[in-house]
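**Student:** Right, I'll just put the structure down here and ask away after.
The values are calculated or read from the model by the stated rules, or taken from the named source; none is laboratory data. All values derive from a computational prediction rather than experimental measurement. Here the Cβ positions follow ideal geometry from the backbone for every residue, glycine too, while neighbour counts run over all protein chains shown.
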Amino acid sequence: MTRLVEDWFGESFQRLDPLIQRLHLYDHTLYGSIQVEYAKGVAGRIGKTVSHKFGIPKTSGTSTLTVDISQSDGYLFWSRKFGDNGKRMDSKFYPVGNYPHGGWRESTDVVDITLGVEIINGAWHWKQKSVKIHGIPTPLFTSPKVIAFKEVVNGKYNFSVEVLLPGLGSLFKYSGLLTAL
């Protein structure tokens, strides 16, 4: 058991749904069916190119998602596997400051994004603060925008991640209900 997330939120940790609290106190594996959606036209083609680098299926439709979550050395580690393609999307989440003014820096091989958090009705909503692509800071008005949340619905983790690009709108989205194994 680790208190990294609880310490970051402080007293506000209790405002999160109890299952979301539990998800962030212990190592977990989540699994479930998800929907992958791509935009039409140019936005969809860009979305497929970008998402494929992260192991996300290149076609709209139903897939599965396995997420392994662990904590180590001051960060959260999330490893996502979409379907049976064998490719994983790994992220490290580092705490920055404290709630409500701080955030979490999500780091992958390609993108470094800092996300603030808003608690709405026990759910965790990400609020994008900054983006670096291959280590280069990009102005928010030109960089991809991530809209994401996680909440509990009927004892399962409901989540949504959507990536938008200024001037084009939504590139792709994946969402679904995951069960803790």
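**Student:** How about the range 88-136: which of its residues are of a type in the set (Lys, Arg) and closer than 28 Å to residue 15 by Cα?
**Tutor:** Narrowing the range 88-136 to residues of a type in the set (Lys, Arg): 88, 92, 105, 127, 129, 132.
Result: 92, 105, 127, 129.
**Student:** Going by the conditions given, is residue 94 over 25 Å from residue 34 (Cβ atoms), in contact (Cβ under 8 Å) with a residue 12 or more places away in the chain and either acidic (Asp, Glu) or in contact with a helix residue (DSSP H, G or I) (Cβ under 7 Å, 6 or more places away or on another chain) (or both)?
**Tutor:** Details: over 25 Å from residue 34 (Cβ atoms): yes; in contact (Cβ under 8 Å) with a residue 12 or more places away in the chain: yes; either acidic (Asp, Glu) or in contact with a helix residue (DSSP H, G or I) (Cβ under 7 Å, 6 or more places away or on another chain) (or both): no.
No: the conditions fail for residue 94.
**Student:** Okay, next question. So residue 163 fits all but one of (1) in a strand (DSSP E or B); (2) surrounded by 13 or more Cβ atoms within 10 Å (Cβ to Cβ); (3) without any contact (Cβ under 8 Å) to a residue 24 or more places away in the chain; what number is the exception?
**Tutor:** Residue 163 satisfies all of (1) in a strand (DSSP E or B); (2) surrounded by 13 or more Cβ atoms within 10 Å (Cβ to Cβ); (3) without any contact (Cβ under 8 Å) to a residue 24 or more places away in the chain except (3).
So that you can scan it fast, the table gives a plain yes or no per residue for (1) surrounded by fewer than 16 Cβ atoms within 10 Å (Cβ to Cβ); (2) of a type in the set (Gly, Ala, Ser); (3) not in a strand (DSSP E or B):
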residue	(1), (2), (3)
26	yes, no, yes
32	no, yes, no
44	no, yes, yes
62	yes, no, no
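**Student:** Under 6 Å by Cβ, and 6 or more places apart or on different chains, what pairs join a residue from the range 132-143 that is part of a strand (DSSP E or B) with one that is surrounded by 10 or more Cβ atoms within 10 Å (Cβ to Cβ)?
**Tutor:** From the range 132-143, the pairs are 132/112; 133/111; 138/131.
**Student:** Okay, next question. Does at least one position in the range 88-101 carry a residue that is surrounded by 17 or more Cβ atoms within 10 Å (Cβ to Cβ), outside any strand (DSSP E or B) and at pLDDT 95 or above?
**Tutor:** yes
**Student:** Taking the range 10-24, which residues are part of a helix (DSSP H, G or I), within 23 Å of residue 79 (Cβ to Cβ) and in contact with a Phe, Trp or Tyr (Cβ under 8 Å, 6 or more places away or on another chain)?
**Tutor:** Selection gives 19, 20, 21, 23.
**Student:** Within the range 144-160, work out how many residues are charged (D, E, K, R) and either under 23 Å from residue 111 (Cβ atoms) or part of a loop (DSSP other than H, G, I, E, B) (or both). Give the steps one after another, and end with the answer.
**Tutor:** Taking the range 144-160 first, the residues charged (D, E, K, R) are 145, 150-151, 156.
From what is left, the residues that are either under 23 Å from residue 111 (Cβ atoms) or part of a loop (DSSP other than H, G, I, E, B) (or both) are 145, 150.
Residues meeting the conditions: 2.
**Student:** Can you spot a residue in the range 69-80 that is buried (at least 18 other Cβ atoms within 10 Å of the Cβ) and in contact with a His (Cβ under 8 Å, 6 or more places away or on another chain)?
**Tutor:** Yes - at least one qualifying residue is present in the range 69-80.
**Student:** When residue 45 is evaluated against the numbered criteria (1) without any contact (Cβ under 8 Å) to a residue 12 or more places away in the chain; (2) closer than 21 Å to residue 176 by Cβ, which criterion, by number, is the only one it fails?
**Tutor:** Against the list (1) without any contact (Cβ under 8 Å) to a residue 12 or more places away in the chain; (2) closer than 21 Å to residue 176 by Cβ, residue 45 comes up short only on (2).
**Student:** Tally up the residues in the range 72-87 that are assigned to a loop (DSSP other than H, G, I, E, B), among the small types (Gly, Ala, Ser) and under 22 Å from residue 13 (Cα atoms), please.
**Tutor:** 1
**Student:** A further question follows. Are any residues in the range 166-181 farther than 25 Å from residue 30 by Cβ and not in a strand (DSSP E or B), and if so, which ones? Give the derivation first.
**Tutor:** Within the range 166-181, the first condition is being farther than 25 Å from residue 30 by Cβ, and the residues that meet it are 166-169.
Hits for the range 166-181 are 166, 167, 168.
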